[in-house]
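Before we start, here is the structure in question, set down as structure tokens.
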Amino acid sequence: MDGKTDIRTLQQFIGGDWVDAENGATFEVLNPLDDSLYAHAAKGTGADMQRAVAAARAAFPAYKETTPTQRERWLLRVAEIMEARQAELVDCLIDEIGSPIQKAMFEFTKGLTMMRAAAGLCRNVRGETIPSDRPGTFSMSIREPLGVVAVITPFNVPLIKTTRLVANALAVGNTVVHLPSEMAPHLSLIFADIIAEAGFPAGAYNVVTGIGAEIGDDLTGHRDVDFVTFTGSSVVGQHINEICARNKTPNTLELGGKSPTVILADADLDTVVPLAARSIFMFAGQACIGSSRFYVERPLYDEFVKRFTMIAGKVGMGDLRDPGTVIAPIISDRQRERVKDHIADAVAKGAKVVAGGAWEGNRCQPTLLTDVSEDMAVCRSETFGPVTAIYPIDSYEEGLEKANDTDFGLSSSIFTKDIDKAFHFARNIDAGMCHINGPTIHDEAHVPFGGNGESGVGREGTDADMEAMTELKWVTVQL
Ligand code: NAD
């Protein structure tokens, strides 16, 4: 059976064909809820990567000549087919990566928006006319697609990242080679089937599945790859950045986070506490923009801890298909060990667990820590689980200073009625995103999404991707 119909033996999508790995090898994809077998996926090799880049390169000259109307039609058609195949996509998000249905539906809806926003981008690939100092010269800039774009996506929001980055790359006239997370290959392959059904030409979108650590360099270091967009951990991002630097391949890196929320004494806890819970417990904290540091001004501190603890104890941990369930399984053994280590290390060094801390199968209970100090891993490193720390602060200034005391700089948030302090925070927080009186978790298709420092380089979103995935060319006409 082929990759379209048999989820247990997933094939790759290269040059418009469904293909096994060149050497026939496969790897196991596990359902993280109970580690049962979800699928066997083709274990792509360096040769498969070569083949995919060659297919994307071969498709590029004709693809870049397609009209905005044509590309817009294909992209909108993808959105229509996604709607028709909603159940299949949502089931995949639940069973392949352990999304509770609430998060799967959120991701599906965002994915649709990403596709439609990208469709609008096709008509906005614009240059400008430029006054010239040379008499009789008409001078202009034109924007051109770069060529082959490598898209590398993480396990946690595979549909949002695939729809946004693949669609934006295709919208502006590039072709794509996609390396999805080895924990979420099926989602990208369903997407590939939808792309094919929508009528995109063969080779415009290619998916190679396999182990990123083994075949990733064959993609990012390939001479025929013109742009790399990577979302994933900071350590892999650093490695990719070094490879790209050698080849002068432009890239955007969307990496990890340790996002702070500052809560000042005038904040309304009725509003703040449910948003605080959402910002760390959604998908069990496996969100780059989850809030893993809460700084609370002392007059509210005890009450905040009390209410946050109460709400943490009530967060849904039931059936993933129950709309009330929030807490997902942690994706893999490696990640589970990391979450366990962070909690154990904090406890050993004197932190108090005021909520959670225990496990139910592969799920970690919503966990709140107080008395966290600098020497604890949970203070400075990304945990990527439903674990957050609450710190007291004596002033706004201390909150800003502590919020900035990190190597990361992805999202941030402040709750206060004081507009001066709120804007001062927005201007002075060293992060790519800041939400005033809203949670750190927020994303839209057309905003500049991304972070600073260890959280990455560059921004994504329709406008940001259009600029990053095209190049300006200066053209003159001597009249
Ligand atoms: P990961 O770094 O383990 O893997 C991400 C991707 O990189 C996967 O597709 C993997 O196959 C691939 N990869 C691994 N080695 C590679 C190599 N040498 N060359 C090329 N590709 C390689 O990350 P993950 O565990 O899948 O995702 C979680 C991480 O992603 C967290 O750190 C999270 O904060 C981050 N993240 C960031 C954003 C953002 O927008 N900033 C969004 C989602 C997730």
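Set the bar at 20 Å for Cα to Cα. Now go through LYS352/LYS417; LYS306/LYS352; LYS258/LYS340 and name every pair that lies beyond it.
Pairs exceeding 20 Å: LYS352/LYS417.
Obtain the nm distance between the two label points defined at GLN70 and ASP217 by a simple spin-label model: each point lies 7 Å from its Cα along the Cα-to-C-beta direction.
A separation of 3.9 nm, rounded to one decimal place.
Among MET105, ALA119, SER139, whose Cα sits farthest toward the positive end of the charge dipole of segment 100-140 (+1 at Cβ of Lys/Arg, -1 at Cβ of Asp/Glu, about the Cα centre)?
MET105
Hydropathy at least 0.0 by Kyte-Doolittle, axial extent at least 27 angstrom from the Cα trace: which helices of the chain, defined as entire DSSP H runs, fit?
Answer set is 101-121.
Now a separate question. Could you state the accessible area per residue of the chain in Å², with a 1.4 Å probe and every protein chain left in place?
39 Å²
What Kirkwood Rh does the chain have if only Cα atoms enter the pairwise 1/r average? Answer in Å.
About 23.2 Å, per the Kirkwood formula over Cα pairs.
Separate question: About the Cα centre of segment 358-464, what is the dipole size in debye to 20, counting +1 per Lys and Arg Cβ and -1 per Asp and Glu Cβ, all else neutral?
300 debye
Could you rank the peptides 89-102, 420-433 by their average count of other C-beta atoms within 10 Å per residue, with the highest value first?
Ranking the peptides 89-102, 420-433 by packing returns 89-102, 420-433.
Quick check for me: using +1 on Lys/Arg Cβ and -1 on Asp/Glu Cβ, what's the dipole size of the chain about its Cα centre, in debye to the nearest 20?
So the magnitude is around 740 debye.
Also: As a test of the formula, what do you get for the chain when each DSSP H run with n ≥ 4 contributes -39,500 (n - 2.57) and the sum is divided by the residue count, at 222 nm and rounded to the nearest 500 deg cm²/dmol?
-12500 deg cm²/dmol
Find the centroid of the Cα atoms in segment 242-261 and in segment 154-197, then give the distance between the two in whole Å.
Computed from Cα coordinates, the inter-centre distance equals 19 Å.
Under 29 Å Cα to Cα from LYS43, which lysines show up? Leave out anything in the same chain fewer than 8 places away.
Candidates past the 8-residue exclusion: LYS4, LYS103, LYS161, LYS248.
Hey, another quick one. Would you mind putting 452-463, 146-157 in packing order, based on average other-beta-carbon counts within 10 Å, highest first?
Ranking the peptides 452-463, 146-157 by packing returns 146-157, 452-463.
The values are calculated or read from the model by the stated rules, or taken from the named source; none is laboratory data. Here the structure is a predicted model, which is why all the values come from computation and not from measurement. Backbone-built Cβ (ideal geometry, glycine too); neighbour counts: all protein chains shown. Just the protein is used for accessible areas: all its heavy atoms, side chains included, with ligands, DNA and RNA removed. Shrake-Rupley method; radii C 1.70, N 1.55, O 1.52, S 1.80 Å.
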